[in-house]
1. Considering each of 314, 280, 341, 270 in turn, give the residue that is assigned to a strand (DSSP E or B) and either surrounded by 17 or more Cβ atoms within 10 Å (Cβ to Cβ) or among the hydrophobic types (A, V, I, L, M, F, W, C) (or both).
2. Examine the stretch 48-58 for a residue that is modelled with pLDDT of 85 or more, open to solvent by 40 Å² or more (accessible area, probe 1.4 Å) and not small (Gly, Ala, Ser), and state whether such a residue exists.
3. Looking only at residues that are out of contact with any strand residue (DSSP E or B) (no Cβ under 6 Å at 6 or more places or on another chain) and open to solvent by less than 30 Å² (accessible area, probe 1.4 Å) in the stretch 74-91, which one is nearest to residue 349 (Cα to Cα)?
4. Within the stretch 170-191, is there a residue that is closer than 25 Å to residue 227 by Cβ, touching a Gly at 6+ places or on another chain (Cβ under 9 Å) and not in a helix (DSSP H, G or I)?
5. Among the residues of the stretch 139-170 satisfying the criterion of being among the hydrophobic types (A, V, I, L, M, F, W, C) and open to solvent by 20 Å² or more (accessible area, probe 1.4 Å), which is nearest to the chain's Cα centre (by Cα)?
6. Just a yes or no: is a residue in the stretch 38-47 at pLDDT below 85 and either out of contact with any Phe, Trp or Tyr (no Cβ under 9 Å at 6 or more places or on another chain) or surrounded by fewer than 23 Cβ atoms within 10 Å (Cβ to Cβ) (or both)?
7. From 327, 308, which residue is open to solvent by less than 70 Å² (accessible area, probe 1.4 Å), closer than 16 Å to residue 71 by Cα and touching a Phe, Trp or Tyr at 6+ places or on another chain (Cβ under 7 Å)?
8. Quick one: is residue 94 of a type outside the set (Phe, Trp, Tyr), open to solvent by 20 Å² or more (accessible area, probe 1.4 Å) and either in a helix (DSSP H, G or I) or in contact (Cβ under 8 Å) with a residue 24 or more places away in the chain (or both)?
Amino acid sequence: MLDYEVLRLLWWGIIGVLLIGFAVTDGFDMGVGMLLCAIGRNNQQRRVMINSIAPHWDGNQVWLVLAGGALFAAWPTVYATAFSGFYGAMILLLAALYCRPLGFDYRQKIDHPAWRKFWDWLLTVGSGVPALLFGVAFGNLLQGLPFQFDQDARIHYHGNFLDLLTLFTLLCGLLSLSLLLLQGSVWLQLKTHGDLHQRARRVTHGMSISVLLCFALAGFFIRYQIEGYQLTSAIDHQSIAILLNKEITRQVGGWLNNFQYYPLLTLFPLGGVALPLATLLCSWKRREGLTFCCSSATIACIIITAGVAMFPMLLPSSRLPAHSLTVWDASASQKTLTLMLWIVGLFLPLVLAYTIWCYYKMWGRLDETTIENHQHSLY
């Protein structure tokens, strides 16, 4: 059996991989949805956009389900605390996500412009709201959440939905929107021809710059405005006493300490700066495959940068820093983590293999002629 601390570290990494998988795959779904009304000039072009993601959008959301399930099993205290703090945001997120399958399935049920326009806008909102909320959530993790535990380790959250919206968290939301719009526009370059392809390229160029600026500005906030949390006491096992009585300090710029201790890790924030420019260059050179790789790597680098900066923090408490939840004191038992690791080791390769096979079989570009030739078999 693996050492308990090693298991905790492995599961921290696994959840990070699942989040990256979700952001990369479902990210282009949401990006295409947000662009639906912006660059789709007529019904046929919008159908091309919808059908470019139709074979994959529901499967891509499996990554989010896996991440949520893994968080619930591996870090139950974090799961419970996060859902208490983000309850209003979670309800809004689920409502927005629910709009997507409705939009896909009902848009073509009635052949009327007003009917289709309603569902087009619902798809746009259903894609844009989650993209914004994911960034706002990450911003709040970096700021800290106003929660605490009582002596029986019961959670008490002091805040509301509007408290989640600050200048920094909205900036993180804008960064998330820009990332997913970039991913969606790059996907459309891979899957379309003609005018739609050209408009997608222009979006890619604009969003590359937006991602770069938002990421750099967020870095400025983290360095000079946002207090970072640092664990200063040793934690060897999980108990209520340890959970509530850690030694945690806060200082402006504290989230950058891990990069100072391990300079090689600065490659990730540097990638968050350089890769948007590489995405822009590859798109300008019309290297669509390489453009998608650079865009996906940008998402990975930015998520890893946030994870490395916060480690070992999972949910910092702005109300009582000593009650913050970390990798070392908020996990499930060693037996649970070991059993889950076997399950993931068995089923995750199967999910990956099936996903790759689906993309391989469904590969190819779409255009308006394709839609006309398959009027009744496509969305």
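1. Values: 280 fails: assigned to a strand (DSSP E or B); 341 fails: assigned to a strand (DSSP E or B); 270 fails: assigned to a strand (DSSP E or B).
Matching residue, one of 314, 280, 341, 270: 314.
2. Within the stretch 48-58, the subset modelled with pLDDT of 85 or more is 48-53.
Subsequent filtering for residues that are open to solvent by 40 Å² or more (accessible area, probe 1.4 Å) retains none.
No.
3. If we take residues in the stretch 74-91 being out of contact with any strand residue (DSSP E or B) (no Cβ under 6 Å at 6 or more places or on another chain) and open to solvent by less than 30 Å² (accessible area, probe 1.4 Å), then 74 is nearest to residue 349 (Cα to Cα).
4. Within the stretch 170-191 (the criterion being closer than 25 Å to residue 227 by Cβ, touching a Gly at 6+ places or on another chain (Cβ under 9 Å) and not in a helix (DSSP H, G or I)), the answer is no, since none of the residues qualifies.
5. Here is the first cut: in the stretch 139-170, the ones among the hydrophobic types (A, V, I, L, M, F, W, C) are 141-142, 145, 147, 149, 153, 155, 161-162, 164-165, 167-168, 170.
With the extra rule that they be open to solvent by 20 Å² or more (accessible area, probe 1.4 Å), the set shrinks to 141, 153, 155, 161-162, 165, 167, 170.
Values: 141: 13, 153: 29, 155: 26, 161: 20, 162: 21, 165: 18, 167: 20, 170: 15 Å.
The qualifying residue nearest to the chain's Cα centre (by Cα) is 141.
6. Looking only at the stretch 38-47, we keep the residues that are at pLDDT below 85, and these are none.
The answer is no, given that none of the residues of the stretch 38-47 is at pLDDT below 85 and either out of contact with any Phe, Trp or Tyr (no Cβ under 9 Å at 6 or more places or on another chain) or surrounded by fewer than 23 Cβ atoms within 10 Å (Cβ to Cβ) (or both).
7. Details: 308 fails: closer than 16 Å to residue 71 by Cα.
After applying the criteria, what remains is 327.
8. Working: of a type outside the set (Phe, Trp, Tyr): yes; open to solvent by 20 Å² or more (accessible area, probe 1.4 Å): yes; either in a helix (DSSP H, G or I) or in contact (Cβ under 8 Å) with a residue 24 or more places away in the chain (or both): yes.
Yes; evaluated as a whole, the condition is true for this residue.
The values are calculated or read from the model by the stated rules, or taken from the named source; none is laboratory data. No experiment lies behind these values; they were computed from the predicted model shown. Because the Cβ atoms are built from the backbone with ideal geometry, glycine has one as well, and the counts that use them run over all protein chains shown. For accessibility, only protein heavy atoms count, side chains too; no ligands or nucleic acids. Shrake-Rupley method; radii C 1.70, N 1.55, O 1.52, S 1.80 Å.
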